[in-house]
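See below for the structure under consideration.
Derivation of every value follows stated rules applied to the coordinates shown; laboratory data play no part. None of these values were measured; they are calculated from a predicted model. Because the Cβ atoms are built from the backbone with ideal geometry, glycine has one as well, and the counts that use them run over all protein chains shown.
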Amino acid sequence: MSSTLDGKVVLITGASSGIGEATALALSAEGARIAAGARRADRLEALVHKAPGAALALDLDVTDQESVRAAVAKTVEHFGALDILVNNAGLMLAGPIAGADLTEWTRMVGTNLLGSMYMIHAALPHLLESKGAVVQVSSTSGRIASAGNGAYAATKFGITAFAEALRQEVTAQGVRVVLVEPGFVATELTDHITDPAMRAAARDMAAAMRTLRPEDIAGAVVYAVTQPEHVAVNEILIRPTDQT
Ligand code: NDP
């Protein structure tokens, strides 16, 4: 079966687990050639072996501008083009603002916001050439901030602002920008929370609902990037039915 993604080159950040891994596999199943970036090399190697199509593992730390530039260059060198960037790498170190560990804020801003901006900066010349697409994995926290996730929400609101400015700058040149905003997805994301109360709250929340699965988000990404060229799916908000 032919697909609009046949032979397209997709670079996915944060592909070593959760949403990124599921999205890489789903895009690969649709015929895309995937460049999968993250820091855990063993997980990426396993993904490359599991992917049904051509796949490349990229040693990538999105907080490091040199690493970002090298990952984009390696992708283009290996596959000859770059059609789609899925900016997915992120972390959520939830906790109250008062007394917060500022290194956690720095890590979140550096990874979720600046990291995705660096990726766009490095990838954009290639995406303009291919009339490609950028998929920004934001969050419901990019629409509604709540107590205990101020810094995380700030990064996701920032992603939305940057994506909209980017959209206005490049849409006339045929580059599409997609914002995907998941609610609660069962992944490793909450394992990194250091605040015991927030971690317990996340665990309780997961236990109290039918959470989304990473594959649900992967399906939304596949939908967005397989539309005809004149159709720009700019925003997808996707929550578990049980999430208020
Ligand atoms: P995971 O923890 O499973 O995945 C996070 C990914 O980001 C990992 O692959 C990790 O890889 C990567 N990553 C973290 N830091 C860096 C870095 N400095 N450089 C490169 N890669 C990095 O969680 P999810 O799959 O849930 O998260 C993916 C995205 O989805 C995040 O942006 C998150 O904010 C967003 N999201 C998640 C929701 C959820 O409920 N799970 C809800 C809404 C949005 P490695 O450690 O190997 O580098």
- [ ] Diagonalise the Cα gyration tensor of the chain and give the resulting equivalent ellipsoid semi-axes, square root of 5 times each eigenvalue, largest first, whole Å.
- [x] 28, 19, 18
- [ ] Identify which of Met117, Met205, Met92 has the largest mean-square fluctuation in a Gaussian network model of the chain, with springs joining Cα atoms closer than 10 Å.
- [x] Met205
- [ ] For n ≥ 4 DSSP H runs only, could you compute -39500 (n - 2.57) per run for the chain, divide by its residues and tell me the 222 nm figure to the nearest 500?
- [x] -13500 deg cm²/dmol
Open item on the list: Can you return the lysines within cross-link range of Lys74? Criterion is Cα-Cα under 16 Å, with same-chain partners fewer than 8 residues away left out.
Closed with: Lys8
Task: the chain: most fluctuating residue of Arg33, Arg213, Arg203 per GNM, C-alpha cutoff 10 Å - done: Arg203
Task: Crossing angle, helix 41-50 versus the chain [Cα axis fit, 0-90 degrees, rounded to tens] - done: 50 degrees
- [ ] Could you please state, rounded to a whole Å, how far the C-alpha centre of the stretch 84-146 is from the C-alpha centre of the stretch 210-234?
- [x] 18 Å
Task: Charge-dipole axis of the chain as Lys and Arg at +1 and Asp and Glu at -1 on Cβ define it, positive-most pick from Thr140, Ala15, Gln65 - done: Thr140
Open item on the list: Sorting check: for 9-21, 188-200, which peptide has the highest mean count of neighbouring beta carbons within 10 Å, and how do the rest follow?
Closed with: 9-21, 188-200
TODO: Compare Ala36, Ala172, Ala24 in a GNM of the chain, Cα atoms joined below 10 Å, and give the one with the largest fluctuation.
DONE: Ala172
- [ ] Would you please give the residues with an amide H less than 5 Å from that of Arg33, counting only those at least 5 places away or on a separate chain, with H modeled from the backbone geometry?
- [x] Gly7, Lys8, Val9, Val10
- [ ] Show the residues, 5+ positions off or on another chain, whose built amide H is closer than 5 Å to the amide H of Leu91.
- [x] Asn112
- [ ] Rounded to whole Hz and in sequence order, give me ³J(HN,Hα) for the stretch 142-148 from the Karplus expression 6.51 cos²θ - 1.76 cosθ + 1.60, θ = phi - 60°, writing x for Gly and Pro.
- [x] x, 10, 9, 7, 9, 4, x
